[in-house]
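Novice: Before I ask anything, here is the structure I am working with.
The values are calculated or read from the model by the stated rules, or taken from the named source; none is laboratory data. Since the model is a prediction, treat every value here as computed from it, not as a measurement. When we count neighbours, we look across all protein chains shown, and the Cβ atoms used for this are built from the backbone with ideal geometry, even at glycine.
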Amino acid sequence: MKGKSHVIKPLLDKEYPTVSHGRGVYLYDIEGKAYLDGCSGAVTTNIGHGVQSVIDAMNEQAKKVSFTYRSQFTSEAAEALATKLASWTPGDLDYVFFVNSGSEATETAMKIAIQYWQEQGRISKNKILSRWMSYHGITLGALSMSGHILRRKRFIPLLEEFPSIEPPYCYRCPFNSTYPSCDLLCANQLEQAIHRIGADNIAAFIAEPIIGASAGAVTPPPYYYQRIKEICERHDILFIADEVMTGNGRTGKPFGIDHWDVVPDLMALGKGMAAGYTPMAAAIASKRIIDVIAAGSQSIMSGHTFSANPQSAAVSLAVMQYIEDNQLIAKSEERGLQLLSGLQTLMQKHDIIGDVRGKGLLCGIEFVKNRTTKETFPLGLGVTERAIEKAKNNGLLIYNASGGIDGQAGDSVIVAPPFVISEEEINELLFILDQSIGELTLELE
Ligand code: PLP
């Protein structure tokens, strides 16, 4: 390993810049170089860096108490945050189990779903169905649910075979069909999987409303989730919306699933929940689920030392308040339209862009070798990594979203700046992206 650092970084032999500070949509390294945070870190810093009201809330809570254990105390901050979340979530998704990362959130949602059926004596209902080309987290339970080939690969012997249906990936339809004449074959496949595995063996189906880390903002067609929910209900299977990336206003609505007007039974939140100021995540359950557990064992069999940490709760509450006070969800929609239209213009200019997509400030770009045939670049060329590196050199951060399906999905990146980005800053982002993709094209010729 190069150098003197004892920190294990994503690539052991790579040099990473050392961050100095962040302001608004920019990060600065200790050499003084500025980076436009075009992907909010890992689609996390939804309100940008250095927001004073969040820093104040952090200080105020630290002066009172920073840590309490959830088996001994609740806190004003956790109570107020859960109430605020319940006012944002659709339907009766009103009960919040606090955790510390998106992986913990999806895994907790999975366990609550299994427990819900156990409490009713239906103990064989313990499998979770999910899609290929999905990502629900890195811990073994969450990875079992994830259809992210690259991240599963090394651990396959330890994983359950949960991914069972194809993704709603219209750009490369797994059924070689076209919406709407396809009649949502990708959603209907859930019903076939249920018949094959048996509804008596299935607790829940989990999906990211818009596919993130494994494919770059792949957005299902209209009515997709209405069909999914209808199939789940008909077979007594819970629907978990993994809103870790799409939640908290990222897509121009409070939650990604709101674009389909569907109320899930469980939701997982993370990333933007505290906008990166502290670790904070949650599994949110509907009243129907909590009522069953309250009438049964009375206790959800999960929890972490740092669950419902008052410091993180105070910060997350201040983040939600800042989003409300500054109408940032509407901003995410408005700036998102500007960003998507700018990406469409870049696509006309650069042949290596095969598709652009997304909602609100969650946009994706897919690179192709041939736009007509949609032929992908060979994996070994590392096109995604090279695009990210070029942009970074030019002062723009974008997010790696490749690795969904070997050979079937192309190289993809996510562009997802903080909601506070201005019109001029979006133009700057597009300018640097244009320049970087131009440089990459020259290199690939
Ligand atoms: N679920 C989704 C949809 C995600 O995008 C991610 C992270 O990228 C996770 C879960 C896992 O979250 P974390 O990395 O905080 O464990």
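Novice: Scan the range 94-105 and tell me whether some residue there is within 16 Å of the ligand (Cβ to nearest atom), in a loop (DSSP other than H, G, I, E, B) and touching a helix residue (DSSP H, G or I) at 6+ places or on another chain (Cβ under 7 Å).
Specialist: no
Novice: Continuing with the same structure: Within the range 55-64, can you find the residues that are surrounded by 23 or more Cβ atoms within 10 Å (Cβ to Cβ) and either in contact with a Leu (Cβ under 6 Å, 6 or more places away or on another chain) or not polar (S, T, N, Q) (or both)?
Specialist: ALA57
Novice: Now for a different question. I'd like the full set of residues that are of a type in the set (Ser, Thr, Tyr) and either within 11 Å of the ligand (Cβ to nearest atom) or closer than 19 Å to THR246 by Cα (or both), limited to the range 135-151.
Specialist: Selection gives TYR135, THR139, SER146.
Novice: Give the residues of the range 117-134 that are in a loop (DSSP other than H, G, I, E, B) and either farther than 24 Å from GLU191 by Cβ or more than 16 Å from the ligand (Cβ to nearest atom) (or both), sorted by residue number.
Specialist: GLU119, GLN120, GLY121, ARG122, ILE123, SER124, LYS125, ASN126
Novice: Could you tell me whether any residue of the range 201-215 is in contact (Cβ under 8 Å) with a residue 12 or more places away in the chain, outside any strand (DSSP E or B) and more than 24 Å from the chain's Cα centre (by Cα)?
Specialist: Looking for residues that are in contact (Cβ under 8 Å) with a residue 12 or more places away in the chain, outside any strand (DSSP E or B) and more than 24 Å from the chain's Cα centre (by Cα), one finds at least one in the range 201-215, hence yes.
Novice: State yes or no: is GLY32 modelled with pLDDT of 95 or more, over 19 Å from MET273 (Cα atoms) and assigned to a loop (DSSP other than H, G, I, E, B)?
Specialist: When the stated conditions are applied, GLY32 passes them.
Novice: Right, another one. Looking at the structure I just gave you, is ILE421 closer than 21 Å to GLU333 by Cα and either surrounded by 15 or more Cβ atoms within 10 Å (Cβ to Cβ) or small (Gly, Ala, Ser) (or both)?
Specialist: So ILE421 fits the description; yes.
Novice: Wholly within the range 245-360, which strands (runs of 3 or more DSSP E) include no fewer than the required count, namely at least 3 residues that are touching a helix residue (DSSP H, G or I) at 6+ places or on another chain (Cβ under 7 Å) and within 30 Å of ILE123 (Cα to Cα)?
Specialist: Ranges flagged: 266-269, 281-286.
Novice: Still on this model: Which pairs turn up if I take residues in the range 124-152 that are within 13 Å of ALA213 (Cα to Cα) and look for partners that are within 12 Å of the ligand (Cβ to nearest atom) and of a type in the set (Asp, Glu) with beta carbon separation below 7 Å, at least 6 apart in sequence or on another chain?
Specialist: SER134/GLU208; HIS136/ASP242; GLY137/GLU107
Novice: Here's something else I'd like to know. When residues of the range 346-368 are filtered for being surrounded by fewer than 24 Cβ atoms within 10 Å (Cβ to Cβ) and either of a type in the set (Val, Ile, Thr) or at pLDDT below 95 (or both), how many remain?
Specialist: Looking only at that region, the number is 4.
Novice: Taking only the range 161-173 into account, find how many residues are farther than 16 Å from SER146 by Cβ and without any contact (Cβ under 8 Å) to a residue 40 or more places away in the chain.
Specialist: Residues in the range 161-173 being farther than 16 Å from SER146 by Cβ and without any contact (Cβ under 8 Å) to a residue 40 or more places away in the chain: 1 in total.
Novice: Any residue in the range 270-297 that is among the basic types (Lys, Arg) sitting within a Cβ distance under 6 Å of a residue that is away from the ligand (no atom under 11 Å from the Cβ) and modelled with pLDDT of 95 or more? List the pairs, counting only those 6 or more apart or interchain.
Specialist: Partner pairs satisfying both residue conditions: LYS287/ASP92; LYS287/ASP94.
Novice: Being of a type in the set (Ser, Thr, Tyr), within 16 Å of the ligand (Cβ to nearest atom) and in contact with a Phe, Trp or Tyr (Cβ under 9 Å, 6 or more places away or on another chain) is the filter here, so list the residues in the range 182-239 that pass it.
Specialist: SER214, TYR225
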